[in-house]
Structures are given as C-alpha cells and as structure tokens.
Amino acid sequence: MEIVNRLCTTRTLRKRIADSRNRLYGVALAWCGDAMLADDLVQETQIIALRRAHQLRDHQRLNAWLYTILSNCWKAQLRSMRPNVEYEDKHACGDDDAESASSELEVVDRVRRAILNLPEGQRQTITLVDLAGFSYAEVAEILGIPIGTVMSRLHTSRNTLQRVLAGFRTRQPAPPSYLRRVK
C-alpha cells in the first residue's frame with residue numbers, strides 16, 4: 001500500500017511541477033528580458049526539480065522550492081555571462097517617449113524595460129513579490145537573504161520604478177482643433 005501511495009504522490013508532484021511552467025516563465029522573463037533564455041531557465045528548473053523530486057520534504061512548499069531552483073539557475077547563468085556582459089547605468093524612460101505613448105502595449109513595454117534596468121537583486125525581489133505573489137518570508141527563503149533585505153530591495157525598487165515611470169501616463173488624445181466641445 002505504501003508503494004501505491006508513493007507512486008500517486010510522485011505522479012501528482014510531477015504534474016504540479018509541469019503545471020508551474022507558465023508562472024516560472026513569467027518570472028524568468030522578467031529577470032532576464034529574453035524569451036529564449038527564460039524558456040531555457042524554466043526547462044532547466046523543471047529538469048532539476050523532476051530529478052530531485054525525492055528531496056522535497058514538504059509538498060506544500062513546492063512553489064518556493066521551484067523558485068529557489070529557478071533563482072539558482074539564473075545566478076549560474078549570470079556567472080557564466082559575467083566576462084562578456086557590460087552593465088551600463090541607463091534610464092529606461094525618456095521624457096520625450098513618455099508623452100508619445102498611448103497604447104496598453106506601450107505601457108507594458110515601458111514597465112518591462114524599467115524593471116529590466118533595475119539591479120539584479122531588486123529585479124528578483126520585485127518580480128517574486130509583485131508578479132509571483134510570494135510573501136516576504138518566502139522570497140527571503142527563495143533568494144537566501146534576510147527578510148530585511150527583501151523589504152529594503154522591494155522599497156528601493158518600487159521607488160525607482162515610481163520615479164522612472166512618473167512622467168509616463170496614458171492620456172486621452174486632445175481633440176482636433178477644428179472640433180469644439182458642445183455641452
């Protein structure tokens with residue numbers, strides 16, 4: 001009977017790992033900004049999770065465990081890219097661009113670029129809290145940092161995004177000058 005229970009648990013766990021793909025992909029894409037790399041990171045995360053499923057002690061902590069693996073895969077990717085990548089301090093949003101943006105896709109693109117320009121730790125923290133919906137304690141466990149650091153990074157990243165995106169608002173286009181408003 002124990003063998004049957006173990007097989008059912010393993011099958012359920014594998015399905016939950018497979019079902020987590022879209023959420024993992026969203027976070028990976030927010031971290032790296034490259035769809036192909038995000039897909040690779042998610043695949044690597046799921047492969048590791050499937051191979052090490054026997055190591056998961058508490059099945060209720062599956063999401064935190066998966067995001068920890070994703071974080072470790074991303075850190076390994078960054079280490080492998082380190083000699084070839086130059087980080088520049090640049091602003092994602094210019095004042096001239098903010099006034100011309102009007103569609104929802106432009107808003108999404110602007111926010112995504114602003115998040116990609118955050119430092120790595122801030123980017124990971126804000127996406128895990130605001131995109132994936134983890135608690136501060138869970139994010140601290142996933143990233144292996146103190147909860148105070150999570151709160152600090154989250155505060156700093158939100159302030160930075162607010163400052164960078166402050167001038168950007170979707171506005172109603174002004175009516176053409178040859179039309180007049182009738183009340």
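Regarding segment 56-75, can at least one residue be identified that is out of contact with any helix residue (DSSP H, G or I) (no Cβ under 6 Å at 6 or more places or on another chain) and within 18 Å of GLN122 (Cα to Cα)? Scanning segment 56-75, I find at least one residue that is out of contact with any helix residue (DSSP H, G or I) (no Cβ under 6 Å at 6 or more places or on another chain) and within 18 Å of GLN122 (Cα to Cα), so the answer is yes.
Can you tell me how many residues within segment 48-70 are more than 20 Å from the chain's Cα centre (by Cα) and surrounded by fewer than 16 Cβ atoms within 10 Å (Cβ to Cβ)? Qualifying residue count for the region: 10. State yes or no: is ASP89 surrounded by 11 or more Cβ atoms within 10 Å (Cβ to Cβ), under 30 Å from GLY167 (Cα atoms), at pLDDT below 90 and out of contact with any helix residue (DSSP H, G or I) (no Cβ under 8 Å at 6 or more places or on another chain)? Criteria not met by ASP89.
When you go through (1) over 15 Å from the mean Cα position of the chain (by Cα); (2) at pLDDT 90 or above one by one for ASP96, which number turns out not to apply? The number of the failed condition is (2). Looking at segment 127-143 only, could you name the residues that are at pLDDT 90 or above, among the small types (Gly, Ala, Ser) and either touching a strand residue (DSSP E or B) at 6+ places or on another chain (Cβ under 6 Å) or closer than 15 Å to LEU66 by Cβ (or both)? None; the set is empty. Checking each residue in segment 133-158 for being closer than 16 Å to ARG110 by Cα and not charged (D, E, K, R) picks out only SER157.
The values are calculated or read from the model by the stated rules, or taken from the named source; none is laboratory data. Note that the structure is predicted; figures quoted are calculated from it, not measured. Glycine gets a Cβ as well: all are built from the backbone with ideal geometry, and neighbour counts include every protein chain shown.
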